[in-house]
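The values are calculated or read from the model by the stated rules, or taken from the named source; none is laboratory data. Keep in mind that what you see is a predicted model, and the values were worked out from it rather than measured. For neighbour counting, all protein chains shown are included, and Cβ atoms are generated from backbone atoms with ideal geometry for every residue, glycine included. SASA here: full protein model, heavy atoms, side chains in, ligands and nucleic acids out. Shrake-Rupley method; radii C 1.70, N 1.55, O 1.52, S 1.80 Å.
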Amino acid sequence: MSFSESVEFPEFPEFPAGFFFGAATASYQIEGAHDEDGRGPSIWDTFCREPGRVADGATGDVACDHYHRYREDIALLRELGVDGYRFSVAWPRVQPAGSGPANAAGLDFYDRLVDELLASGISPAATLYHWDLPQALEDRGGWRVRGTAERFAEYAGVVAARLGDRVDRWITLNEPFCSAFVGYAAGAHAPGAREGRGALAAAHHLLVGHGLAVHALRAAGAREFGITLNPDRLLPATDSPADLAAVRRVETLHNDVWFEPLFAGRYPEHEAETWGELLPGGGGSYRLDGDLDLIGAPLDFVGINYYRPITVSDAPYRDADPATRTTVDVRAEETWRDDVRHTTMGWPVVPHTFTDLLVDLAERYPALPPILITENGSAEADTVDADGRVRDGDRIDYLHSHLDALAAALRAGVDVRGYYVWSLLDNFEWARGYGQRFGIVRVDYDTHVRTPKDSYRWYQRLIAAHRARITPGEDPR
């Protein structure tokens, strides 16, 4: 029995001509080859080796072995029929110590990857930073210090000089919220710090690094460039004044820190009530004159990663002493809801909040550039039949409902140009190790055999149906 005969699903959502579909991955999560061809250590190599940091002591040393199997993975993309592929460049593979001359072997790998994508008719989108900071830079202060932002711009120029003639789309940073606040405040991601002012400085320097990198990309003749953010749709647990105030503080932490400087030319309105004594005098001694102009340089697009809403309730400080309080301690907590299905990550599946978020962003920020959905997907409990078929109906339901929600946002007037599913492959899921599977292709971590799941075939059919509708009888690629 074929896939098409055995799986039923509703009619595909419709998207306009010119809308593109792709798939996404990230370097540390799939590449492996952590010590090959001159690659230096990253903060994630270090973090994974610290006992108790990552589930089951997992590392990205081998991951999906994409470094050696990239042609096989591009063949999967070609069969899938995607228009584009979003990958990330590993900074320590290009500059092992985070600065200085490029490591030729590292750049050669991305050269081969991009050429193979183009030969397959797939548009490359390169993310310059998906969290794998060279350890040497962390040893000198990491994102807490402005020097790292300056090194990042130099690195961006090095990569663009080599690949800029062939890469169609550049993304400076992926989810700086996670880099700054999950990594430097919550301690749940590399480098595993739990800080207050240090994390706020990291957030600012990530944005400065983005602004400097945009200038470097423009100087190198990059075609399109933007940044990827992961705004959350935040819902109050109740309508009480305390819960509504908690939502405002979490909105500052999750969303306003990024969107206000980038697209409104200002720092967050409610930052003082959110962080209080954690803000250094004058709003932040790490902020220099001209930084807002630098950060707010015009972009060709903004990438949005979206997975689930967060319900927020008021809570006391976990640590009342501002000397030891972290930036993520903003007197609020996530309230779990039990009225909807949850993915294996424990995330609620509420598709309409995707529409709501996009409409709200477009209304709040008139200067917002066109949107690309750079990640959307779900971790699910896949089942493998005796014949090897991977059934993941919950993932199909998730993707279908969220693409329906995305189509609704377009009908409401939001300018969204494309969608990258997360993820092409099952992979190293950061501090959760290999226990969560987001891929539309299953990876056997012992043999590294790739097996397309039912969701891969579903997405393949959706893309084909889109092309047939907008250009009957013709492949627009």
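Tabulated data
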item	result
Positive-end residue of 355, 419, 433, charge dipole of the chain with Cβ unit charges	419
Scaled radius of gyration (Cα, divided by 2.2 N^0.38 Å) that segment 55-113 gives	1.35
Residue 453 long-range amide H proximity, modeled H, under 5 Å	441, 442
Percentage relative contact order, the chain, counting C-alpha pairs under 8 Å, at least six apart	17 percent
Ellipticity estimate at 222 nm from DSSP helix runs (n ≥ 4, -39,500 (n - 2.57)) divided over the chain, nearest 500	-11000 deg cm²/dmol
Nonlocal amide H pairs with residue 175, under 5 Å, H built at 1.01 Å	228, 229, 230
Cβ charges +1 (Lys, Arg) and -1 (Asp, Glu), total dipole of the chain, debye	700 debye
C-alpha center-to-center spacing [segment 11-76, segment 379-418] in angstrom	21 Å
FRET efficiency estimate (nearest 0.05) - Cβ-Cβ, residue 35 to residue 215, R0 41 angstrom	0.80
Where labels lie 7 Å past Cα in the beta-carbon direction, separation of residue 105 and residue 161 in nm	2.1 nm
Distance in nm between pseudo-label sites at residue 79 and residue 338 (7 Å out along the Cβ direction from Cα)	4.3 nm
From phi via Karplus (6.51, -1.76, 1.60), per-residue ³J(HN,Hα) for segment 211-225 in Hz, x at Gly/Pro	x, 5, 5, 4, 5, 5, 5, 4, 5, 7, x, 4, 7, 9, 8
Loop-located trypsin sites (Lys or Arg not before Pro) in segment 184-276, at most 11 other Cβ atoms within 10 Å (DSSP)	266
Interatomic Cα distance distribution for segment 303-373, bins of 10 angstrom, percent	16, 32, 33, 19, 0
Sequence of 318, 442 from largest to smallest accessible area, 1.4 Å probe	318, 442
Segment residue 415-residue 447, extension gain: residue separation times 0.36 nm, minus the distance between their alpha carbons	7.3 nm
The chain - convex hull of the alpha-carbon atoms, volume per residue in Å³	144 Å³
Rounded percent of accessible protein surface that carbon and sulfur make up, the chain, 1.4 Å probe	50 percent
Accessible area of segment 98-221 divided out per residue, in Å², using a probe of 1.4 angstrom	27 Å²
Rg ratio (alpha-carbon, reference 2.2 N^0.38 Å) - segment 46-167	1.16
Potential lengthening between residue 56 and residue 317 on full extension [0.36 nm per residue; Cα-Cα distance subtracted]	90.9 nm
Among 286, 27, 236 the positive-end extreme of the charge dipole of the chain (Cβ point charges)	286
Stretchable slack from residue 352 to residue 381, in nm (0.36 nm times residue separation minus alpha-carbon distance)	8.1 nm
